[in-house]
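The block underneath contains the structure these notes are about, expressed in structure tokens.
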Amino acid sequence: MRRIAADWLLPIDCPPIASGAVLFSADGRVVAAGTDAAVPVASGIRTERFAGAAIIPGLVNTHTHLELTGFDGRVPEADFPSWIRQVRALKGERTAVASGFLDAARAGVRACWAAGVTTVADTGDSGAVARALAELGGSGIAYQEVFGPDPDQVGESMAALEAHLSALGHCASARVRLGVSPHAPYSVSGPLYAAAARRARGLGLPLAVHVAESPEESALLLGTGAFAAGWRAREIPVPRIGCTPIEWLDRHDVLGPDTLCIHAVQAASDDIARLAQRRAAVAHCPRSNARHGHGDAPLAALLAAGVRVGLGTDSVASVAPLDLLAEARAAGALAALDARQALALCTSGAALALGLESELGALRPGMWGDCAIIDIGGAEDPEEAVLASAPVDVLATYLGGRRVYARGGAAAATETA
């Protein structure tokens with residue numbers, strides 16, 4: 001068992017608690033959370049006290065590509081299709097190194113812990129993140145990507161997906177879940193979308209899709225733009241269907257309560273209504289969207305429509321370092337949110353977007369004992385101070401009650417009986 005205390009406890013779903021504490025059970029669950037005086041002191045368990053700090057629920061990052069860790073600054077901005085090709089080339093180089101993706105994924109998981117992130121929703125095609133999470137005792141959903149823009153590739157693509165899922169089956173656990181990610185409208189045909197969604201649901205696995213990210217993606221469905229030109233050069237049939245990417249996914253039965261729509265920058269009012277009707281969720285990545293010049297996602301409208309929204313950082317190839325609280329600040333400015341609302345988008349709201357709200361995103365009895373300790377000095381408004389913080393301010397991170405990160409290698413805490 002473990003008991004921690006700090007100047008402040010931020011439950012997120014209610015006002016901050018001064019002189020707060022949390023007690024974790026031996027199996028990694030929250031036993032009690034509240035004022036230090038009210039949280040039981042278990043026999044033989046000493047309290048770790050963090051002065052000038054706040055305890056917050058472990059941050060939940062709803063979109064990462066941790067297998068791309070190490071690509072910081074290696075992909076100069078160009079038009080988006082060219083940028084995608086550069087990332088693919090770098091991945092090809094990493095494939096030549098036996099443990100390249102796994103080493104990157106391990107480093108990415110540890111970097112998340114150092115930034116207070118305890119759960120990730122990751123998309124990738126190497127399987128390395130699922131392996132790293134299982135090996136390190138991490139928490140998250142590892143969505144296995146599937147590609148194939150030509151309808152003739154459906155059989156080949158689905159066979160590859162089945163092989164990957166079979167090879168990764170041993171990684172699944174109470175804290176690590178597998179998922180399926182038919183990548184994006186510019187890399188997946190309509191028939192493959194339908195087949196992948198049908199298979200994922202048959203296996204009880206969640207879905208994640210990059211969708212409505214860029215204007216070039218929308219142009220593809222009109223048969224124009226750089227993606228369409230690339231398809232023609234490869235002799236792939238170019239769709240001329242005249243609908244939005246979100247509507248196109250819906251036509252292929254992709255959208256549902258188990259679907260995480262990544263980006264959704266180009267979502268119009270009809271798209272937002274469709275997402276709400278299908279009860280699909282959105283992973284909002286404001287800094288990545290800005291870096292690539294895609295524009296601002298309609299965050300306020302999504303929230304007003306009741307769409308479940310969580311924040312994501314995307315990959316270090318887009319924005320580095322990964323800083324989920326910086327994403328929260330950007331989202332707050334975009335949708336005029338207060339500090340608590342912004343923080344909810346990377347804690348309780350993010351857990352809700354992933355369908356994990358009964359397990360994480362808050363510090364309530366029975367939930368996983370995931371939390372981060374943030375150095376806020378003597379701040380009078382702890383929520384504003386946490387929102388303004390950076391990864392360097394993270395003193396310690398706990399996952400299932402187990403300390404997985406401590407600044408400088410040792411938690412800045414004092415112990416009392």
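Assorted remarks:
- Option label - Kirkwood radius over Cα pairs in Å computed here, alternatives [x] 24.7; [y] 21.6; [z] 25.3: [y]
- Taking the DSSP bridge list for the chain and keeping only pairs wholly inside it, about 45 percent are antiparallel.
- In Å², nearest 10: area of His164 left accessible to a 1.4 Å probe: 70 Å²
- Extending 7 Å from Cα along the Cβ direction at Arg198 and again at Arg364 yields two label points whose distance is 3.8 nm.
- Taking a Cβ cut-off of under 10 Å around Ala339, the surrounding Lys, Arg, Asp and Glu residues balance to a net charge of -2, with basic ones at +1 and acidic ones at -1.
- Helix 80-95 axis versus longest C-alpha principal axis of the chain: approximately 70°, rounded to the nearest ten.
- The range 192-252: trypsin sites (Lys or Arg not before Pro) in DSSP coil with no more than 10 other Cβ atoms inside 10 Å: Arg234
- Accessible area in the full protein assembly, largest first, 1.4 Å probe, for Ser269, Ser43: Ser43, Ser269
- Helix 154-168 and the longest principal axis of the Cα set of the chain meet at an angle near 20°.
- Helix 269-278 axis versus longest C-alpha principal axis of the chain: approximately 70°, rounded to the nearest ten.
- Summed over qualifying helices (DSSP H, 4 residues or more, each -39500 (n - 2.57)) and divided by its residue number, the chain shows a 222 nm mean residue ellipticity of -10000 deg cm²/dmol.
- Peptides 56-62, 132-138 ranked from most to least packed by the mean count of surrounding Cβ atoms within 10 Å: 56-62, 132-138.
- Computed over protein heavy atoms with a 1.4 Å probe, the accessible surface of the chain works out to 36 Å² per residue.
- Cut-off under 5 Å, modelled amide H: who pairs with Arg74 long-range: none
- If only the Cβ of Lys and Arg carry +1 and only the Cβ of Asp and Glu carry -1, the dipole of the chain around its Cα centre is close to 800 debye.
The values are calculated or read from the model by the stated rules, or taken from the named source; none is laboratory data. This is a predicted model, so every value here is computed, not measured. Methodologically, a virtual Cβ is constructed for each residue, glycine included, from the backbone with ideal geometry; neighbour enumeration extends over all protein chains shown. Accessible surface is based on the protein model in full, side chains and every heavy atom, while ligands, DNA and RNA are left aside. Shrake-Rupley method; radii C 1.70, N 1.55, O 1.52, S 1.80 Å.
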